[in-house]
1. Do any GluC sites (Glu not before Pro) in the range 131-164 lie in a loop, going by DSSP, with at most 16 other beta-carbon atoms within 10 Å of their beta carbon, and if so which?
2. Compute the long axis of helix 35-47 from its Cα atoms, compare it with the longest principal axis of the Cα atoms of the chain, and write down the angle in degrees, 0 to 90, nearest 10.
3. Could you go through the range 159-169 in sequence order and give the Karplus-derived ³J(HN,Hα) for each residue, using 6.51 cos²θ - 1.76 cosθ + 1.60 with θ = phi - 60°, rounded to whole Hz, and x for Gly and Pro?
4. Over the chain, what is the percentage of antiparallel beta bridges among all DSSP beta bridges, to the nearest 5?
5. Can you pull the Rg over Rh of the range 57-116, Cα-only, Kirkwood?
6. Quick query: amide H of Thr127 versus all other amide H atoms, modeled in the peptide plane; which residues come in under 5 Å with a sequence gap of 5 or more or a different chain?
7. Beyond 30 Å, what percent of the Cα pairs of the chain remain?
8. Can you work out ³J(HN,Hα) from phi for every residue in the range 106-123, in order, using Karplus 6.51 cos²θ - 1.76 cosθ + 1.60 and θ = phi - 60°, giving whole Hz and x for Gly and Pro?
Amino acid sequence: MVKKWLQGDGSECLRRERRVENVKKIGIGADGAATQLKSTLIEYLKEAGYEVEDYGSEADGVDYPDVAVEVAEAVAGGEHDRAILCCGTGLGMSITANKVPGVRAAQCHDVYSAQRARKSNNAQVLTMGGRVIGPELAKTVVGAWLESEFAGGGSASKVAKMEEIDRRYNAVPR
Ligand code: RB5
C-alpha cells in the first residue's frame with residue numbers, strides 16, 4: 001500500500017508501506033550491550049510502518065533477564081504478538097524469554113534461521129546480539145522474520161509438543 005509520509009522538513013512524500021498487516025505493536029528491549037542495535041531496529045521498524053513499544057530505560061542500563069522477562073510476559077499476556085530482544089549475543093535474552101510459559105524465543109543472525117523460526121517454530125520473539133551482527137544484516141533478518149508466518153502442517157504437532165512440555169513444567173492454565 002502506498003501511503004503519505006511526513007518528511008523531516010514537514011513536506012509530504014509517498015512511500016510504499018512494507019508493514020505486515022496482521023502484526024500488532026512490536027515490543028523491543030535491550031541491555032547496554034545492544035542499545036545501538038535496538039535504536040537501529042526501532043528506526044527501521046517505524047520507517048516500515050510498524051508501531052513499536054520500547055521497553056528501554058536510560059541507556060538500557062539494565063540486566064538482560066529483567067528486560068527479557070518484562071517483554072516476554074507482555075508477549076505471553078497478548079500485548080504483543082511479536083517482540084525483539086537484543087543483548088550482547090542474543091543468548092541471555094533468549095534463555096530468559098523461553099522461561100516464560102507460552103513464549104518461543106529464537107536467536108537468529110541469518111535470514112534462513114529467521115524464516116524457519118517463524119515457519120517451523122512459530123517463534124513470537126526474535127533475539128539478536130549487538131556484538132555479533134551488523135546493522136544492515138540485522139534489519140534484513142528482522143524483515144525476513146516479520147514477513148514469515150507459521151507454516152502449520154507438519155510443524156503444528158511439534159509446536160504442540162513444545163507447548164505440552166511447557167504446561168508440564170508450568171502449571172499455568174491457558
Ligand atoms: C552483558 O551482560 C552480556 O553478557 C549480555 O549482553 C548478553 O550477551 C548475555 O547473553
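1. When the GluC sites (Glu not before Pro) of the range 131-164 are filtered for loop state and at most 16 Cβ neighbours within 10 Å, Glu149 remain.
2. 70
3. 5, 4, 5, 4, 5, 5, 5, 3, 5, 4, 9
4. Looking only at bridges with both residues in the chain, the antiparallel portion is about 25 percent.
5. 0.96
6. Leu85, Ala106, Gln107, Cys108
7. Considering the chain, 18 percent of its Cα-Cα pairs are separated by more than 30 Å.
8. 3J(HN,Hα) across the range 106-123, in whole Hz: 10, 7, 9, 10, 9, 5, 4, 4, 4, 5, 5, 4, 7, 5, 9, 9, 6, 6.
Throughout, read-outs are computed from the coordinates displayed, never taken from laboratory work. A quick note: this is a predicted structure, and the numbers were derived from the prediction, not measured. FYI the Cβ positions are ideal-geometry reconstructions off the backbone, even for glycines, and counts take in every protein chain you see.
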